[in-house]
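Q: Could you have a look at this structure, given as structure tokens, before my questions?
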Amino acid sequence: MATDYRFEFGDFGSVSYMNVAYQGPLPLSAVRAAMEALEWKKLPHLMPEGVHFDLPDRVRAKIARLIGADPNQVAITTGASGGMAAIAAGMDWKPGDEVLMARGEFPSHFSSWLPLERAGKLRMKMFSPKGRFVSADDYIEHIGPRTRLVSASLVRFDDGALLDAERVAKACHAAGAAFLLDLAQCAGAMPLDIGALGADFAVSSGYKWLLGPYGTGFFWIADEWVERLQLGSLYYQGLEGARNFHSLPLENLRPVAGARRWDSPETASFTNLAALDASLDLILKVGVEAIARHNDGLVKEIIERLPQDTCALASPAETERRGPYVCIAGRNPEETAKFFGKLRDAGIIVSLRENALRVAPHIYNDSGDVSRLIEVLSA
């Protein structure tokens, strides 16, 4: 990357932080924005007029740019689970309906549907991949006449495998099923065209690759689902006319058009959204394509230099089958756990997930961080 973006973040000192798939660090600009928002609460007369709506709408528009969507299709939530909860509450479930998922998915793909299964409103149908990594063929094989929704991650949290979502979407729609994509492990790190992916819904947290605070996220909904998906409780700022604080709507109450009706309550959580707004500015300034190239270059270097006598690749080797990070395993789970401890002791921060080391670099990392990683894995 021609420009050195390390100055945009805090000084990590002797630490090589390669753990964005767990928590993305707040850029310094986001920290400043959050501090300014705290000043609004300390001295409320400094709060900009209209911030309750203007701040969420700025964030909404920037998220839309990142995923190739229209801002009216984006709701602001507190995380990926917020969008899943809206789908769970809003689908007109019929007895015998199935939600199809792959085993090993992130737990929110189960917790969102589990209460409905226990209430007898649907059945969770889970399958195990035929190969090492889940594929579109696995989903397509298990879509059946009772499949009402397929719930899947575009990039798996445990191994970084990238799903051929377009093929799954076509199979879903041919069977009359809806398709939900979890973008938490790629939104902001990979170029996305949500329309081309073919999903009906998409969700994401904001604290990973979007570099925002914990407690931020979004829910994307296709236009044809806005009126089909029933509303649960509605935050009052999702009502038509709510912008007029001087004369709030008290009669003929109607939800606003578009996805904003699913905004989480207290949408303009000032410190959170002000920080996310600034983080999105940085991502858009650098460019998702440039971020993806930089991260992929580091991941390829890790794969090329991986010591074959002590480690094995636990992610797809091919770029087109992999998300923005890589997973590595020792010769057995005990060795993997030992490597995790050694890396932490050496100030190299990664995640231990499902008996693999998840290494997730970003634009503040460079080949020096890769060399430190490889040195520990080679010892």
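The values are calculated or read from the model by the stated rules, or taken from the named source; none is laboratory data. Source: prediction; values computed, not measured. Here the Cβ is made from the backbone with ideal geometry for all residues, glycine too, and neighbour counts use every protein chain on show. Note: accessible area is taken over every heavy atom of the protein model, side chains too, but ligands, DNA and RNA are not part of it. Shrake-Rupley method; radii C 1.70, N 1.55, O 1.52, S 1.80 Å.
Q: Pop out the ³J(HN,Hα) list for region 245-261 in order, Karplus 6.51 cos²θ - 1.76 cosθ + 1.60 with θ = phi - 60°, rounded to Hz; leave Gly and Pro as x.
A: Each residue's phi maps through the Karplus curve to give 5, 6, 8, 5, x, 10, 9, 6, 6, 9, x, 5, 6, x, 6, 4, 5 Hz.
Q: Over region 1-110, with the other protein chains present, what is the accessible area per residue in square angstrom, probe 1.4 angstrom?
A: For region 1-110, the solvent-accessible area averages 47 Å² per residue.
Q: Stretched out fully, how many nm does the piece from Phe110 to Ala312 gain, at 0.36 nm a residue minus the Cα gap?
A: Difference between extended and current length: 69.8 nm.
Q: Any idea what the relative contact order of region 182-335 is, in percent, if you count C-alpha pairs under 8 Å spaced at least 6 apart?
A: Once divided by the residue count of region 182-335, the mean separation gives 22 percent.
Q: Here's a follow-up. Compute the FRET efficiency between Ala175 and Glu39 as 1/(1 + (r/R0)^6), taking r as their Cβ-Cβ distance and R0 = 45 Å, and round to the nearest 0.05.
A: 0.25
Q: Now a separate question. Please give the contour-minus-distance gain from Ser378 to Glu335: 0.36 nm per residue of separation, less the Cα-Cα distance, rounded to one decimal in nm.
A: 14.2 nm
Q: So how much slack lies between Ser14 and Ala61, counting 0.36 nm per residue of separation and subtracting their Cα-Cα distance, in nm?
A: 13.2 nm
Q: For Leu250 and Glu141, FRET efficiency with R0 = 51 Å and r from the beta-carbon atoms, rounded to 0.05?
A: 0.45
Q: Per residue of region 159-168, in order, report the coupling 6.51 cos²θ - 1.76 cosθ + 1.60 (Karplus, θ = phi - 60°) as ³J(HN,Hα) in whole Hz, putting x for Gly and Pro.
A: Couplings: 9, x, 5, 9, 8, 6, 5, 4, 5, 5 Hz.
Q: Less than 26 Å apart at the alpha-carbon level, and either on another chain or at least 8 residues along: which lysines does that give for Lys285?
A: Within reach: Lys62, Lys208, Lys300.
Q: Pop a pseudo-label 7 angstrom from the Cα along the beta-carbon direction at both Ser128 and Asp4 and give the gap in nm to one decimal.
A: 5.1 nm
Q: While we're looking at this one, here's another question. Excluding the sites themselves, what is the longest stretch of the chain that contains no GluC sites (Glu not before Pro) in a DSSP loop with at most 11 other C-beta atoms within 10 Å?
A: After excluding every exposed loop site, the longest remaining stretch is 50-226.
Q: What is the percent carbon and sulfur in the accessible area of the chain, measuring with a 1.4 Å probe over the protein chains and ignoring ligands?
A: C and S fraction of accessible area: 52 percent.
Q: Follow-up question, since we're still on this one. Please list, in order along region 111-121, the HN-Hα scalar couplings obtained from phi with the Karplus expression 6.51 cos²θ - 1.76 cosθ + 1.60 (θ = phi - 60°), rounded to whole Hz, x for Gly and Pro.
A: 5, 5, 9, 4, x, 5, 5, 5, 7, x, 8
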